[in-house]
Every structure is written in C-alpha cells, then in structure tokens.
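Scroll down for the structure; my scribbles are underneath it.
Derivation of every value follows stated rules applied to the coordinates shown; laboratory data play no part. Computed from a predicted structure; not experimentally measured. Virtual Cβ from ideal backbone geometry, glycine too; neighbours counted across all protein chains shown.
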Amino acid sequence: AKAHGGGRYCFFTEELDRSFARTAALEHSLRRALDRGEFVLHYQPMYETVSGRMIGAEALLRWQRKNGALVSPAEFIPLAEETGLIVGIGEWAIREACRFAKLWLDACSEPFEISVNVSPVQFRQPDFAKRTMDVLRETGVPPEALVLEITESLTRDDEAIRKLEFFKRQGIHISLDDFGTGYSSLSDLHHLPVDALKIAQNFTKDMLSNEKQCRIVKAIVALAKSLDLVIVAEGVETEEQFLFMHRLGCDIIQGYYFSKPMPEEELLAKSGRSAS
Ligand code: C2E
Ligand code: CA
Ligand code: CA
C-alpha cells in the first residue's frame, strides 16, 4: 500500500491493519480460552443493609491468560459479544457459579443467592431458558438461589420479556443491572418481570458531590420501593456512601467498602466455611 500516494492515507491504513491484527489475535486466543480452562470467576459478597449479613455474592468473570495476565471483562466481553463467543462463555459462567453456590448452600444453612451477569446476546439465544434450567438441575441449585443480572436493553423486547416471565414462574430472580444508564424509563418498571434494581455505579460515585445525581437516586429508590422491588446499591466505597444508601432504604449493599471480588477459596475461607 505504501507505493501509492504516500503520506497520511497509508499511515492510517497501517494503523487500521495493526488494530485489526490485534483484534484478530485477541479473538483467536479468546476462542481457545474456554477449552483451555483460562476463565475463572471471582465473587463479590452482597450484604443485607439492615443486618449486615452476607446474603449472596455476584460472580464476576476473569480471564487468566497463560502468560500470567489477568484480563478484565470490560476488555474482552465486547469482542466476545461481537463474535458470539459470549454464549459459550456465559453458559460456562452460570454453570461454574452454580457449582460454587451448591458448595456454599451445602456448607451452611442460611439463605444464599448467587448473581450471574447475562449478556443480552446470550439471553436472546432461543434455548437460553432451557439451558439455564438444565444447569440448575445438573448442579442441584434451587431456582430461588439464582439471580440473573440483565441489562436494560432487554426490557423493550417482547421475546425477552416472555423469557423473563418464564424465569419468574420458575422462581429464578431477575435483577436489572446498571439501572439508570440504559433505555428503560421509570414508567416501564411496573410491568417488567424483575425482582430487583441495581442502581448504576455512577450514581453511587457521584451522588454525594452532585445534587442532581443525588435527587435522581432518591427518586429511583422511592419509585422502586413503591413497586416492591429490591434495591441494590453497588460500587459503595466509603462509609458516607454506605450511610447514605442505608438511610435511603437500599436493601442490599455491595462494594469495596465491605469487600472486593475474590477467588472462591478466599471467600470460603473468609467465612470459615472452607471445605478443606
Ligand atoms: P457490573 O456487572 O456492573 O459489575 C460491577 C463491576 O464493578 C465489577 O467490575 C466489580 O469488580 C466492580 N466493583 C465492585 N465494587 C466496586 C467498588 O466499590 N468500586 C468500583 N469502582 N468498582 C467496583 P468487573 O469485575 O471488572 O466487571 C465489569 C463488567 O463486566 C461487569 O459490570 C459486567 O457488566 C461484566 N461482566 C463481568 N462478569 C460477567 C459475566 O460473567 N458475563 C457477562 N456477560 N458480563 C460480565
Ligand atoms: Ca452486574
Ligand atoms: Ca452493575
């Protein structure tokens, strides 16, 4: 390409080639990562605000590459969605999270809910509901112990809503993740088959310094309460944020202030419930 014209045009072409090559290489290794067992789940505890009891955990995907690097989901999930690889990865995540939940449930008598993130691409697969029920059956986890965290983009989609209704009938819980950043308006909420709202992390971050954000959070909580939805605050990093969410009446709190996501062994050990 360098022979023609010279200058900027060629430069950009090379840049594009390089970024394309990078993406292709990433896709290639992502494709093999599942077979090679390079994915792990970390778990971040979730606490009931009033009692301080740990009532569950969110499963968060990590890619542990053979070269030692731990890759954040933010870096590979968009590509996994584009290529459809998220379907296999996501099903693996549900199965792995359920295996862990079963271990936990067998070790202690208190209620425990495992939250798993589901990509819209994965959720829209025609056999997603069936495969999820299969995983529950195979792992022996009761449906009430599973929470699917979905995004607002699904809430305008009739087919997706039918699937949500199916899950609800089965007893699986649905949580609307990153609420306030997406498409659904507050008025959509009353007819959506969801059990919980997770207030988007940005609100938690900004509400104490930004009066408008603060009012939005208050409005979201008030509305969710009037609809009997469980309210989850995530990204809680400071005591001030915790106390504010507590006062507002958020039911569940999650964030670095209490606990970071951690490997399974660490969580089991921390709670003195290590199997070993
Ligand atoms: P998310 O579902 O909103 O998850 C919360 C993110 O915030 C996690 O980032 C978590 O580690 C981080 N976090 C938790 N507490 C705090 C805090 O106090 N402060 C701050 N600043 N951050 C906190 P992570 O693990 O990097 O995951 C990023 C996103 O990747 C997730 O956002 C979720 O959308 C996606 N993701 C993770 N695991 C899966 C998965 O298994 N399937 C799919 N489809 N998406 C996943
Ligand atoms: Ca989530
Ligand atoms: Ca979130």
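Of the numbered criteria (1) away from ligand 2 (no atom under 16 Å from the Cβ); (2) within 24 Å of Tyr256 (Cβ to Cβ); (3) touching an Asp or Glu at 6+ places or on another chain (Cβ under 7 Å), the one Lys198 fails is (1). Consider region 231-251 and keep the residues that are in a loop (DSSP other than H, G, I, E, B) and under 19 Å from Ser175 (Cα atoms). The one that is nearest to ligand 2 (Cβ to nearest atom) is Glu234. Among the residues making up region 91-144, none is free of Cβ contacts under 8 Å to residues at least 40 places away in the same chain, in contact with a Leu (Cβ under 7 Å, 6 or more places away or on another chain) and more than 30 Å from Arg156 (Cβ to Cβ).
Please give the number of the condition Gln170 fails out of (1) over 30 Å from Arg137 (Cβ atoms); (2) more than 15 Å from the chain's Cα centre (by Cα). Unmet for Gln170, out of (1) over 30 Å from Arg137 (Cβ atoms); (2) more than 15 Å from the chain's Cα centre (by Cα): (1).
Taking the residues in region 204-229 that are within 16 Å of ligand 1 (Cβ to nearest atom) and not in a helix (DSSP H, G or I) as candidates, determine which candidate is surrounded by the most Cβ atoms within 10 Å (Cβ to Cβ). Residue satisfying both the conditions and the ranking: Met207. I need the full set of residues from region 145-159 which are in contact with a strand residue (DSSP E or B) (Cβ under 8 Å, 6 or more places away or on another chain) and either free of Cβ contacts under 8 Å to residues at least 24 places away in the same chain or away from ligand 3 (no atom under 16 Å from the Cβ) (or both), in order please. Within region 145-159, Ala145, Leu146 qualify.
In the condition set (1) within 12 Å of ligand 1 (Cβ to nearest atom); (2) within 30 Å of Leu243 (Cβ to Cβ); (3) within 16 Å of the chain's Cα centre (by Cα), Glu113 is compliant with all but (1).
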